[in-house]
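Reading through the structure tokens given below for one structure.
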Amino acid sequence: VIIRLHEEKSLWGRSACPYCKMQLAWYDLIPLLSFILQTGKCRYCKAHISCQYPLVEFATGVLFVLAALQGTLIPTLLFLCVLIVTFVTDLRWNLIYDAVLIPGIIIALFSSIFLNYYSTIPLSTIHSSLLAALLGGGVFALQYAISNGQWVGSGDIMLGAFLGLMLSYPVIIWALGLAYVSGALVALVLMSLGLKTRKDTLPLGCFLCATGILLLLITTH
């Protein structure tokens with residue numbers, strides 16, 4: 001999904017080697033195991049496979065297990081997928097895709113309504129989610145307007161709204177605060193190591209996704 005989004009390819013259809021274009025069989029696509037057995041190379045042309053594939057597969061597997069241990073609902077797993085994809089695309093290319101966040105927002109909105117209707121969760125749940133979405137998206141919309149898009153991108157607005165719907169109020173405040181604090185700490189470390197300067201930027205979406213994942217896992221019941 002991550003690679004196809006970036007290359008503007010359809011998310012449907014069989015997988016193929018990006019080098020020799022050979023269509024991959026099911027046994028070439030077993031998470032982690034295929035990469036290990038094929039020593040990180042295409043079985044057909046022997047071209048090296050990006051380490052992104054096993055890293056994303058491993059991270060997704062670990063997060064799914066942690067979520068399952070909490071007896072989580074299916075929407076939580078979908079939210080994790082949205083955050084993982086967004087984390088990687090923002091880290092690698094400074095891009096946050098509406099094609100990923102819009103479905104996530106729709107699922108988060110309907111999950112709030114569904115859980116509110118069919119469970120004992122009070123009516124304030126949906127109101128809390130909408131307030132958090134307004135707060136999460138509004139913080140970045142304000143920065144975008146003030147800086148004319150220099151401080152944050154439009155994708156950050158969508159991501160903030162998604163996190164708000166997903167986490168609700170007041171957890172969204174923790175998410176925003178932790179994202180900025182962790183981002184500042186990482187920036188200080190990188191500058192002290194000479195890897196970044198004051199003029200360089202860091203992908204804020206990565207820190208929003210990371211804190212969103214953390215809070216989603218520890219606040220999901």
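The values are calculated or read from the model by the stated rules, or taken from the named source; none is laboratory data. Note that the coordinates shown come from a computational prediction; the quantities given were computed from them, not determined experimentally. Note that we place each Cβ from the backbone using ideal geometry, even for glycine, and neighbour counts take in every protein chain shown. Note: areas computed on protein heavy atoms with side chains; ligands, DNA, RNA excluded. Shrake-Rupley method; radii C 1.70, N 1.55, O 1.52, S 1.80 Å.
What the table below lists for this structure:
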{"read-out": "With every protein chain in place, the chain: carbon and sulfur % of accessible area (1.4 Å)", "value": "71"}
{"read-out": "Normalised contact order of the chain, rounded percent, pairs of Cα under 8 Å and 6 or more residues apart", "value": "18"}
{"read-out": "Cross-link reach list, aspartates and glutamates versus LYS46, counting only Cα pairs under 18 Å and skipping chain neighbours closer than eight places", "value": "ASP28"}
{"read-out": "The range 48-53 - phi-based ³J(HN,Hα) in whole Hz, Karplus 6.51/-1.76/1.60, Gly and Pro as x", "value": "6, 8, 4, 5, 4, 4"}
{"read-out": "Label-point separation, ASN148 to LEU78 (7 Å along Cα→Cβ), nm", "value": "4.0"}
{"read-out": "Cα-based helix-to-principal-axis angle, 204-219 vs the chain, degrees rounded to 10", "value": "70"}
{"read-out": "Straight-distance crosslink candidates among aspartates and glutamates, where the alpha carbon sits under 18 Å from LYS196 and sequence neighbours closer than 8 are dropped", "value": "ASP90"}
{"read-out": "Residue of VAL82, VAL189, VAL171 that the Gaussian network model of the chain assigns the largest fluctuation, springs spanning Cα pairs under 10 Å", "value": "VAL189"}
{"read-out": "Whole-Hz ³J(HN,Hα) from phi, Karplus 6.51 cos²θ - 1.76 cosθ + 1.60, for the range 189-199, glycine and proline x", "value": "5, 5, 5, 5, 8, x, 8, 9, 10, 4, 7"}
{"read-out": "Calculated Cα extents along the principal axes in Å (choose from (i) 56, 49, 29; (ii) 45, 41, 34; (iii) 54, 48, 39), label", "value": "(i)"}
{"read-out": "For the range 8-15, Karplus couplings with θ = phi - 60° (6.51, -1.76, 1.60), whole Hz, Gly/Pro x", "value": "6, 9, 5, 7, 9, x, 6, 6"}
{"read-out": "For the chain, accessible area per residue (1.4 Å probe, heavy atoms of protein chains only), Å²", "value": "60"}
